[in-house]
Structures are given as C-alpha cells and as structure tokens.
Amino acid sequence: MKAVVIRKFGSPDGLEVVDLPVPVPAPGQVRITTEAIGVGGVDAVIRRGALAAYGFREGHLLGSEVAGIVTSVGEGVDASWRGRRVWAFTGLSGGYAEQAVASVEDVLALPDGLAGADAVSLGGSGVVAHFALDRARFAPGETVLVRGAAGSIGITAVQLAARGGAGAVAVTTSSAERGARLRELGATHVLDRSGEGGPDALPGFDVVIDVVGGPQLPLFLDRLNSNGRYVAVGVVGGQPPADFGMRLMDAFRRSLSFATFSSDTVPRADRQAVRSSQLADAAHGDLRTVVHEVLPLDQAVPAHREIDAGKVFGRVVLAP
Ligand SMILES: NC(=O)c1ccc[n+]([C@@H]2O[C@H](COP(=O)([O-])OP(=O)(O)OC[C@H]3O[C@@H](n4cnc5c(N)ncnc54)[C@H](OP(=O)(O)O)[C@@H]3O)[C@@H](O)[C@H]2O)c1
C-alpha cells in the first residue's frame, strides 16, 4: 500500500511516498481503508524533528486521524464493525496511508451524510475546544478570546463559545479576510496577532483559549479580567518566556488562573461521547467544519508546505 514517511527530518521535502505492507490489525484493533486523512500541526512538528527526544525517528509514518471503511477486525473485535464508515484516531503514527489500524476504542461510526474530510477536520480538534472551554469554566454571558482561531481547534472553540451564549467572542488572526470568515462562525471582535483591534478591542476577557503560546503570551495574560481563566492548549508560536508566571503573581489581587490543557487527560469514554455528539452536529449542520483543501495522499509535501507557510485556514486533508 501507498504511505508517506519522514525520510529526513526538517523541511517538507524530507517526506517520501513509499510502498509498505498492509498492516494486520492486532487484537482489539480494526483496519480501515482510508478515504480522508487529517494533516495536523503536530504532524509538522514531528516532521521537523522537534520531538526526536520523545522517540520519533526518521522513517516515521505520520498521521493521527483518518476516516474510511473498516475492512478487517482483529481478535476480540465485534465483526459487525466490518464494512462500517468510521472516524479513527491512530495514535501519533500510521494515518498517512491507504490502510491504517486503530484500537476499536478509538473508532466511532460516522453519521450518515458526513464526508470523511469533514470528520477529520473536527474529530481530533473539536474535543480540545470543548474540554478547554469546560476547564475554563466558561459560562454564558462571559467574554472569550480565542487566540490562534484560524486553526481547527480555534474554529470549533469560536462556534462553541458563541452557541454557549458568550457575551463576546474575540479572536486573534493575521488577516482581515480570515477575520471575516471567523465572524461568519460566531466571532464578534477581530484582533490582530498582537491583540490590537482598534475600535474592535475589548478591555479584557473572562476566558482566554490560547493555541499560540510564544513570546507574546504575557500580553494576553494581562488582558484577563479579575477572576479570569487562561487555558493554553497549543504552542504553535513556540514556548512563552520562562518567567511568564510572574505576570500572574504581580496581578495577585485579581485572582487570575492559568492552566495547560491536553485532551490526553480526559477519560477516553468522555472524549468519545463529546466527539460523537460533535460529529452528529456537523452532519446536521449545527457545527461547521472548515476543510482548507483536499489533496491526494502523494501530495503530502505541498500539504506540509502550505502549513509551514501559514496558508491553512481550517484543516488540510489527504485523500488516497
Ligand atoms: N491540547 C490538546 O489536547 C491538543 C491536541 C491536539 C493538538 N494540540 C496543539 O494545538 C496546536 C495546533 O492547533 P491547530 O491545528 O488548531 O492550530 P494551527 O492551525 O496550527 O494554528 C492556528 C493559528 O494560529 C496562528 N498562528 C500560527 N503561528 C502563529 C504565531 N507565531 N503567532 C501568532 N499566531 C500564530 C495562525 O493563524 P493566523 O495566521 O490567522 O494568526 C494559525 O492558523 C499545536 O500546538 C498542537 O500541538 C493540542
């Protein structure tokens, strides 16, 4: 089968299309003939070699979420899965391939009418948005800032905050065109990456969901209202300054909270329940997915180039 591996860490040109044996599902696993493969920011981070210390090696088969049809089941898996269209989390490898395996516990039947590309634009990221707002104890009427809203986590966070009755939903983004698209999804205030928004600026926020991190994170900590909660879910802009916590201590009397959040810490059953409901919402048009572009599997190099160039709004999808 055709698959895409990292031949050399670094630029997208280090990705290579190879021929690999079709994987055999282990006990508890299913094999899926893929129709859509999500290309995530974390794939680019692994490709650059930034996670080599965590055991990622050259030769790694990228990809963590796919949609497709179950064609084979491993020992102990109900045979009724065979032939079903599913969304699946494959771990941090194995997705960029014509055939992928996943634990049946990480597989969900797809609702009728939902395209595979839409499923992989929401399946992994939607739960991050949901539980990040939950951890922030977001309540109706509160003002929310989604920092780095143009990615698939932010796009869902904006919609969930809006439909959850936020008093205002501000976003940071790099262009007016993206701002307009985010307004269509529920944003009420559009700020630039530094948090400047001219007449669109708000004095402060009750909740910040931050996908970016990076050197400017302290500027946004300063924008929390008293009793405000800041939840960092990603670091697409790099790590914040080592002493950023001093901003919280300096503002001691305003009772601010800062938390990191990873969906890995949410029990799998809770993640799957929320994901299932979000996929159903997407099938009914109650939650919008944004597919930036669908490219053939052997076009993984240009797909990663688009990510590195910051051109992606939503999710890039590969299709075998
Ligand atoms: N917490 C979890 O459980 C979890 C799970 C999966 C992934 N993640 C993390 O989430 C991140 C990926 O999320 P995603 O796919 O939604 O994001 P993304 O698409 O990679 O990036 C979101 C947006 O951030 C903005 N951005 C990029 N670089 C920036 C910079 N240097 N400064 C300011 N803004 C910048 C860009 O929008 P503009 O150009 O419009 O500004 C970009 O579209 C990764 O860090 C990944 O590790 C977390």
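The values are calculated or read from the model by the stated rules, or taken from the named source; none is laboratory data. Only a predicted model underlies this, so the values are computations on that prediction, with no experimental measurement involved. Ideal geometry is used to build each Cβ from the backbone, glycine not excepted, and the neighbour counts take in all protein chains shown.
Given the criterion within 15 Å of the ligand (Cβ to nearest atom), crowded, with 24+ Cβ neighbours inside 10 Å and at negative phi, identify the matching residue among Gly123, Gly197. Quick ask: steps written out before the conclusion?
On the way: Gly197 fails: crowded, with 24+ Cβ neighbours inside 10 Å.
Residue meeting the stated conditions: Gly123.
I need a count of the residues in region 205-227 that are free of Cβ contacts under 8 Å to residues at least 60 places away in the same chain, among the hydrophobic types (A, V, I, L, M, F, W, C) and either within 13 Å of the ligand (Cβ to nearest atom) or touching a Cys at 6+ places or on another chain (Cβ under 6 Å) (or both). Residues meeting the conditions: 2.
Within region 192-220, which residues are touching a helix residue (DSSP H, G or I) at 6+ places or on another chain (Cβ under 8 Å) and either acidic (Asp, Glu) or over 22 Å from Asp243 (Cα atoms) (or both)?
Our first condition is that a residue be touching a helix residue (DSSP H, G or I) at 6+ places or on another chain (Cβ under 8 Å); within region 192-220, this holds for 194-195, 207-211, 218.
Hit for region 192-220 is Asp210, nothing else.
Surrounded by fewer than 22 Cβ atoms within 10 Å (Cβ to Cβ), of a type outside the set (Gly, Ala, Ser) and within 24 Å of the chain's Cα centre (by Cα): which single residue out of Val17, Val4, Val42 fits that description? Walk me through how you get there before you give the answer.
Numbers: Val17 fails: within 24 Å of the chain's Cα centre (by Cα); Val4 fails: surrounded by fewer than 22 Cβ atoms within 10 Å (Cβ to Cβ).
Matching residue, one of Val17, Val4, Val42: Val42.
Can you tell me which residues in region 271-297 are under 23 Å from Val231 (Cα atoms), in a helix (DSSP H, G or I) and touching a residue at least 12 places away in the same chain (Cβ under 8 Å)? Within region 271-297, Arg271, Gln272, Val274, Arg275, Gln278 meet the criteria.
Restrict the check to region 155-165 and report whether at least one residue is within 8 Å of the ligand (Cβ to nearest atom) and either over 25 Å from Ser277 (Cβ atoms) or buried (at least 20 other Cβ atoms within 10 Å of the Cβ) (or both).
Within region 155-165, the first condition is being within 8 Å of the ligand (Cβ to nearest atom), and the residues that meet it are 155.
Still in the running and either over 25 Å from Ser277 (Cβ atoms) or buried (at least 20 other Cβ atoms within 10 Å of the Cβ) (or both): 155.
There is at least one residue in region 155-165 that is within 8 Å of the ligand (Cβ to nearest atom) and either over 25 Å from Ser277 (Cβ atoms) or buried (at least 20 other Cβ atoms within 10 Å of the Cβ) (or both).
Among all positions in region 85-92, there is no residue which is assigned to a helix (DSSP H, G or I), at pLDDT 95 or above and not acidic (Asp, Glu). Taking the conditions (1) within 15 Å of the ligand (Cβ to nearest atom); (2) closer than 18 Å to Thr260 by Cβ; (3) assigned to a strand (DSSP E or B) in turn, Ala170 satisfies each one other than (2).
Looking at region 249-266, is at least one residue free of Cβ contacts under 8 Å to residues at least 60 places away in the same chain and surrounded by 16 or more Cβ atoms within 10 Å (Cβ to Cβ)? Yes: region 249-266 contains one or more residues that are free of Cβ contacts under 8 Å to residues at least 60 places away in the same chain and surrounded by 16 or more Cβ atoms within 10 Å (Cβ to Cβ).
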